[in-house]
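Shown next, in structure tokens, is the structure this report addresses.
Nothing in this text is a laboratory measurement; each read-out follows from the coordinates by a stated rule. Please read these numbers as outputs of a predicted model, since none were measured by experiment. Backbone-built Cβ (ideal geometry, glycine too); neighbour counts: all protein chains shown.
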Amino acid sequence: MVFLPFLIMVVALLIGIPIAFALAGSGILGIYIITGNWNTVLGVLGMVPFTTVADYSFTTIPMFILMAYFSASSGLATDLFKAGANWLAHIRGGLGAATVFACGLFGAMSGASTASASVMSTIAYPEMRRHGYSEELSAGTVGIGATLDLLIPPSIPMVIYGIATQTSIAKLLIAGIVPGIIAGILLFLTVLAWVHIRPQDAPQTYEVTWDERWKSVIRIWPALVLIAIIMVLLYTGIVTATEVAAVGTFMAALIGVVLGRLNWTGAVQALKLTLKTSAMIFTILIGANIFGAYMAMSRVPQHIVSVVAGMELNRWVVVIGIAVAYFVISMFMDEIPLLLLTLQLTFPLIVRLGFDPIWFGVLSIMLVCMGLVFPPVGVVAFVVSATAKVDLMKVYTGTSIMMIALVITTVLIMIFPQLVLWLPQTMR
């Protein structure tokens, strides 16, 4: 009977019930099964919603979301892509590489992969298609490039992981920088390898004058300043992650106003989208915490840890098993509910096996990145398909090929954990 809520939750998700209500409903049932007392259930329902949304750490989430929308409204993503294109368009596949460059830097101003996918689908995809790039290469580059947002700070899933596991959010965000850079470089090389093998997928190149190249660099200085401020504040620890989010949001809005690109209508629209996205995330958080209360009462995580420890498996066998599970689940589920649902089971096990929580956080995000662009669902792939109006199977084809870079990055951070841990260890 203890595992009945898990079964009900899976069935609820399969029939299309929103994840927040599936978690909350199965959690309520589980609490009642264990206690047999509706007063206990009502007590949890009366306490969990308030304690969830009243947590000061969670103010980081809407701030980072608002910063992303302000940055998009201010045209910073467009400037980044044009600068990359001006410098790389003379080489075959250069626009694809420019898309990776723009996604990576825009990721330092946006913590949501779906937001990046939507923005870049309207900026980079049409430009690549105009120069004869295949739909697979164009859509695949946009989709896989958007996942860099989850690695490079500020990353909303990293914030969720930090709060859920009581791990330093600032160190988690900084830990994603080196893997993010490695993934970006490998994506760049993957694009070049693709067009070398299939030159017909990127037939056109064009030259841009040196004067225009340098002008495009000058145009991206506001974005570079914003990124530098965020990174320096996070790394030095002068302010908290929440305060970094507030400063970043203010700077993004200020840049948009100074450049004359962010008007009243755009600001209001950004606020509306932030409210909508934040409300969705907080509803999921409430549902996850209700389910978490059931998990705590049932002691299921402790039982799983004991069983796995008793099997005396090599700890890397366990990690690989968790990695496969994360990848499979992320094909069907967005990153935030996936983390909230699974961490209650996997995190105690990882700690028991002696792995670093920060390293596991980055590994988890890497695995989620791959699932978001892989069939049969792949949330980011759906966003690219809908926004760019390209066949979904062509998006999957492109992202599946480009995923080679993410797989290699994941293997590297498993073999060399210091790629993740070195930078956080140098922080104060």
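Treating r as the C-beta distance of Ile320 and Ile404 and R0 as 22 Å, the FRET efficiency rounds to 0.75. P(r) tail for region 200-347: Cα pairs beyond 24 Å make up 64% of the total.
For the chain, the extents of the C-alpha atoms along the principal axes are 74, 47, 44 Å, listed from largest to smallest.
Principal axis extents of the C-alpha atoms in region 18-151 (largest first, rounded to whole Å): 70, 30, 20. Shown for the chain are the DSSP H helices of 27 Å or more along their axis, judged by Cα atoms, with a mean Kyte-Doolittle hydropathy of at least 1.0: 177-197, 264-298, 392-415. By the equivalent-ellipsoid construction on the alpha carbon gyration tensor, region 86-186 comes out with semi-axes of 29, 13, 9 Å, ordered largest to smallest.
Model label points for Val328 and Val10, set 7 angstrom from Cα along the Cα-to-Cβ axis, are 1.0 nm apart.
A simple spin-label model places pseudo-atoms 7 Å from Cα toward Cβ; at Val258 and Arg213 they are separated by 2.7 nm.
Please sort by residue number the chymotrypsin sites (Phe, Trp or Tyr not before Pro) in region 100-208 whose DSSP state is loop and whose Cβ has at most 12 other Cβ atoms within 10 Å.
Answer in residue order: Tyr206.
The distance linking region 95-149 with region 1-72 is 33 Å (Cα centroid to Cα centroid, whole angstrom). Computed from the Cα positions only, the extents of region 281-428 along the three principal axes stand at 49, 37, 36 Å, in decreasing order.
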